[in-house]
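The values are calculated or read from the model by the stated rules, or taken from the named source; none is laboratory data. Remember, it's a predicted structure, so these values are computed and weren't measured experimentally. Every residue, glycine as well, gets a Cβ built from its backbone with ideal geometry; the counts of neighbours run over all protein chains shown. Just the protein is used for accessible areas: all its heavy atoms, side chains included, with ligands, DNA and RNA removed. Shrake-Rupley method; radii C 1.70, N 1.55, O 1.52, S 1.80 Å.
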Amino acid sequence: MSDMDDIVKEFLVESSEGLDTLDRNLVALEKAPGDKELMGGIFRAIHTIKGTSGFLGFGRLESVAHVGESLLSDLRDGKQALTPDITSALLRLVDAVRAILGDIETTATDGENDFLELVDLLTRLRKVEVAPAAPVTVTAAPTSAVVAGSAGPDLTEARGPHASDSNIRVDVSLLDRLMNLVGELVLTRNQILQHTAARGDAGFVATSQRLNLITSELQEGVMKTRMQPIGNIWAKFPRVVRDLALACDKKIRIEMEGEETELDKTIIEAIKDPLTHIVRNSVDHGMELPADRMARGKMAEGRLLLRAYHEGGQVNIEISDDGGGVNAERVKATALRKGLFTTEQLARMTDREVVNLIFAPGFSTAEQVSNISGRGVGMDVVKTNIEKIGGTVDVHSTPGKGTTLKIKIPLTLAIIPALNVSTARERFAIPQVSLLELVRLDGDEVGTQIEMVYGAPVYRLRGRLLPLVSLGHALGVEPDFWGPANTQRKIVNIVVLQADEQAFGLVVDEIHDTEEIVVKPLGKQLKGISVIAGATIMGNGRVSLILDVLGLAQKAAVVSDNRKRRAAEAGAGSRETDEGARETLLLFQVGLDHRMAIPLSMVARLEEFPRTVVERAGKHQVVQYRGRLLPLLPLAELLGETNIPVARDPIQVVVYHHEGRDLGIVVQNILDIVEENRTTHRRERGGAVSGTAVIQGKVTDLLDVRAVINDADVLLFAGTPALEPQLAGV
Amino acid sequence: MITARQFCTFRLGNLFLGIEVLQVQEVIRTQAMTRVPLAARAVRGLINLRGQIVTAIDLRERLGLPPLDGDREPMNVVVRTDEGAVSLLVDEIGDVMETNDADYEDPPETIDPIVRGLIRGVYKLSDRLLLVLDTEKTLVLEPTAPGGR
């Protein structure tokens, strides 16, 4: 009996996979009716289901599949042509088979439903066209039937053994358990590494480094087993779009890019419903009717593009349509009518902010609630669900041209890199996804650089006001928002974080290292604390809380602020269309008017030093920096700039980290940090400049730091370690 | 029919309380505790129980008793729940005691309403009264007040 159960279970799993492919192939076949290979595949899938269900004694399933098979066989042999009616009927057949399989799974019988109406319809569809078509094709049919029939089994036999040899099915719960164990191992590894650092026994150090490596590789491997291509959930969209388009008399073509992009299974599951909702919305509300499209000079057939790609440890998913776009005026009117915002609030918003109001709770622009996308969930639920898994969603819309929804989600939820900080002697972990940069204010800077706007502390970060939030205050452990205790501090550490498009600075007591942490959920007694996302166990065995950056921002009312980073957004808009790998660049000014950039990944820190602390060591300028010597490289002079303005005081220094040593590059001004497209750069100049690009509408040279170092003085780098012992006592 | 039940007993101020043995996972000494800002007052913090993160509930706070004297350290009674383990902080651990259903009574109406809601019943032992703690109700805390304590 249990053998039988296993066979049935395997049949169910295989069939349901086959059905998903069927859906997709049927829709594809409608587009390309002559495709013999597609046709053969569809026929074989139904044929297999019919055969196996007969063998297992599921009579109802067999008879339903049988009529489908007969119709398909006629189609395959060219006895009749594929019409939209037939496609619809065949899709209904797939649904019926799916329903019966569901019955088998729950009740172990093939249910009560005979699907008589469908069987009838399929039989009728077959008869209608058989008569006139038969005489013409009867001679040609057998050959093609033989070809297709013989090609089929051959193909499967050839592929079959390979697939089963190199693949096994594994229960997801087993993978989850493995993932948990690896999580524990990562924690134990972190603890051992901390002990190792304290001891310093050479043999032990070597062993624990090996452990470190192996654990990382194991972690990566186990994470990979849980990865699935996003195509798995996209597979059902062609069918969804086809059915919907038919229902609303629209013509829509769906295209997919990056179906092979992989995501953790739990994330795939979590984004399935939001994505379906967005796709339905695009078809229902986004696309215009064919006549309206023609009137606007567009093709009658609309195009829905799904695109997925990796970027900076995250997965981006874009759903774009070339429909009518979001009507900002209508959005405003609805927001007003529903009392979500006031006229003044709306007047202050940019068009982009207005468009993003579709995610506001209680918002739905559909003039009439249709039975297609009006299913009781709004875009606010989509947004909440995506944010729940640490993702963000954003909408761009051009009136008359179309709408693009962009979703950014993490690759995995279980193990994330995080920055450790502490406040009020407690440690907290901040997920690195939200981290933009770290700023450290020393001595006098604390008093002068933190300014107050009507009681709210702000810091000028490269010319923009960055609202500051004290972590201690947000957590209720320090009474004053910006009390005397803070202004008397010698050092202020600001963690610049990104929440919902808005950057803000989180003031913490201390910043520690970064660590891979395993996210553990909190008990129900702690649910509902918006600023805490979970907990983790640190290398020292202590429990540490993981901060919820979005929750923090909301609590401190940073997000509702309208001070958006407009300049950055304007820049972002023009870059959206570019393709290729992006890179985050640090922009700075050299000399009077020379804009240059280097990849941010090469930058260790940005510093300001008063002129008075610059000293000489040999022929080099140096400063004492964090207990070591930092050689300074005057970039303007090295590049032979002719227009060297009077150096600023304090001098602006980009600390560059290279092979364990730091080097300070002196620049005139730090301008900005931008995300830029590497492919737009043209390599045309030699020497210290590796290329030129237009960034933020201005010509910018890319600095080749290595070349500069080599040109400047080879001994500069080589000499540094030798200098250190002599100068340590200075 | 007389049924015997076993209780893990502990002391909290003047109260002598018990939790059915089957609900108790283990009893451990004071652990390094991580405070949780903005949590309900009764949440003392989080402890690391062999890689599992467990919420520790201050039973004194929950029952409206004053905090334990400065230098005395509470014990953790770790109870199983459907949603993982939770630790209850108590003053002192007692013995495992066997009781008879015949000695059972509902809690008297007159006791402190806060305590009464969390006490399932009373066993009349020969020398004292054993109050049976309703762990389920004890672990349901009022939603966190906005802004914390």
Qualifying position, being surrounded by 14 or more Cβ atoms within 10 Å (Cβ to Cβ), under 11 Å from the mean Cα position of the chain (by Cα) and within 14 Å of another protein chain (Cβ to nearest Cβ), among B:Ile53, B:Ile57: B:Ile57
Breaking point among (1) crowded, with 16+ Cβ neighbours inside 10 Å; (2) assigned to a loop (DSSP other than H, G, I, E, B); (3) facing chain A (nearest Cβ under 10 Å), for B:Leu68: (3)
Number of positions in the stretch A:594-638 that are under 30 Å from A:Ala693 (Cα atoms), in contact (Cβ under 8 Å) with a residue 12 or more places away in the chain and not in a strand (DSSP E or B): 6
Subset of the stretch A:312-340 (residues that are among the hydrophobic types (A, V, I, L, M, F, W, C), open to solvent by less than 50 Å² (accessible area, probe 1.4 Å) and part of a loop (DSSP other than H, G, I, E, B)): A:Val326
Criterion violated by B:Val96 - all others in (1) open to solvent by 30 Å² or more (accessible area, probe 1.4 Å); (2) assigned to a loop (DSSP other than H, G, I, E, B) satisfied: (2)
Some residue of the stretch B:21-37 being open to solvent by less than 20 Å² (accessible area, probe 1.4 Å), facing chain A (nearest Cβ under 8 Å) and either aliphatic (A, V, I, L, M) or in contact (Cβ under 8 Å) with a residue 40 or more places away in the chain (or both): yes
Residues being among the charged types (D, E, K, R) and open to solvent by 40 Å² or more (accessible area, probe 1.4 Å) - total across the stretch A:268-297: 6
Output for the stretch A:510-522, where each listed residue is within 14 Å of chain B (Cβ to nearest Cβ), in contact (Cβ under 8 Å) with a residue 60 or more places away in the chain and out of contact with any Leu (no Cβ under 8 Å at 6 or more places or on another chain): A:Ile517
Cβ-Cβ under 6 Å pairs, at least 6 apart or on other chains, the stretch A:657-677 side modelled with pLDDT of 85 or more, far side hydroxyl-bearing (Ser, Thr, Tyr): A:Ile665/A:Tyr656
Filtered residues of the stretch A:165-187 (kept if open to solvent by 90 Å² or more (accessible area, probe 1.4 Å) and within 14 Å of chain B (Cβ to nearest Cβ)): A:Arg177, A:Asn180, A:Leu181
Answer residue from the stretch A:540-552, given it is over 23 Å from the mean Cα position of the chain (by Cα) and surrounded by 21 or more Cβ atoms within 10 Å (Cβ to Cβ) and is nearest to A:Gln498 (Cα to Cα) among those: A:Leu545
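Can you find a residue that is open to solvent by less than 60 Å² (accessible area, probe 1.4 Å) and small (Gly, Ala, Ser) anywhere in the stretch A:188-199? Reasoning before the result, please.
Residues of the stretch A:188-199 that are open to solvent by less than 60 Å² (accessible area, probe 1.4 Å), as a first pass: A:189-193, A:196.
After this cut, where a residue has to be small (Gly, Ala, Ser) as well, the list is none.
No, the stretch A:188-199 contains no residue that is open to solvent by less than 60 Å² (accessible area, probe 1.4 Å) and small (Gly, Ala, Ser).
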Residues located in the stretch A:197-234, provided they are under 30 Å from A:Lys408 (Cα atoms) and of a type in the set (Phe, Trp, Tyr): A:Trp234
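Just to be sure I understand, how many residues within the stretch A:234-260 are of a type in the set (Val, Ile, Thr) and surrounded by fewer than 19 Cβ atoms within 10 Å (Cβ to Cβ)?
Number of matching residues: 1.
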Residue that is nearest to A:Ile104 (Cα to Cα), among those in the stretch A:11-41 that are surrounded by 16 or more Cβ atoms within 10 Å (Cβ to Cβ) and free of Cβ contacts under 8 Å to residues at least 40 places away in the same chain: A:Gly18
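Provide a single number: the residues in the stretch A:26-48 that are in a helix (DSSP H, G or I) and of a type in the set (Asp, Glu).
Count: 2.
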Any hit, the stretch A:10-17, residues being assigned by TED's automatic domain parsing to the domain that holds A:Arg98 and within 22 Å of A:Leu121 (Cα to Cα): no
Check on A:Asp704, at pLDDT 70 or above and acidic (Asp, Glu): yes
Hits in the stretch A:645-659 (condition: under 18 Å from A:Pro599 (Cα atoms) and either more than 34 Å from the chain's Cα centre (by Cα) or open to solvent by less than 50 Å² (accessible area, probe 1.4 Å) (or both)): A:Gln652, A:Val653, A:Val654, A:Val655, A:Tyr656, A:His658
Number of positions in the stretch B:71-93 that are more than 14 Å from chain A (Cβ to nearest Cβ) and among the acidic types (Asp, Glu): 4
Restricting the stretch B:99-127 to residues that are open to solvent by less than 60 Å² (accessible area, probe 1.4 Å) and hydrophobic (A, V, I, L, M, F, W, C), the residue that is farthest from the other protein chains (Cβ to nearest Cβ): B:Leu125
Identity of the residue in the stretch B:71-93, surrounded by fewer than 16 Cβ atoms within 10 Å (Cβ to Cβ) and not in a strand (DSSP E or B), that ends up farthest from the chain's Cα centre (by Cα): B:Asp71
All positions within the stretch B:59-112 that are closer than 24 Å to B:Leu129 by Cβ and of a type in the set (S, T, N, Q): B:Thr99, B:Asn100, B:Thr110
Residue under evaluation A:Thr404, criteria (1) over 29 Å from A:Met379 (Cα atoms); (2) out of contact with any helix residue (DSSP H, G or I) (no Cβ under 9 Å at 6 or more places or on another chain), criterion not met: (1)
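Hey, among the residues in the stretch B:38-50 that are in contact (Cβ under 8 Å) with a residue 12 or more places away in the chain and more than 7 Å from chain A (Cβ to nearest Cβ), which one's farthest from B:Arg80 (Cα to Cα)?
B:Arg41
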Those residues of the stretch A:523-535 which are assigned to a strand (DSSP E or B), in contact with a Lys or Arg (Cβ under 7 Å, 6 or more places away or on another chain) and either within 8 Å of chain B (Cβ to nearest Cβ) or of a type in the set (A, V, I, L, M) (or both), in sequence order: A:Ala535
Sole residue being modelled with pLDDT of 80 or more, hydroxyl-bearing (Ser, Thr, Tyr) and open to solvent by 30 Å² or more (accessible area, probe 1.4 Å), chosen from A:Thr612, A:Thr642: A:Thr612
Condition met for A:Thr109 (buried (at least 19 other Cβ atoms within 10 Å of the Cβ), touching a helix residue (DSSP H, G or I) at 6+ places or on another chain (Cβ under 9 Å), hydroxyl-bearing (Ser, Thr, Tyr) and more than 22 Å from A:Asp243 (Cα to Cα)): no
Which numbered condition A:Val138 fails, given (1) among the hydrophobic types (A, V, I, L, M, F, W, C); (2) within 22 Å of A:Glu37 (Cα to Cα); (3) surrounded by fewer than 16 Cβ atoms within 10 Å (Cβ to Cβ); (4) modelled with pLDDT of 75 or more: (4)
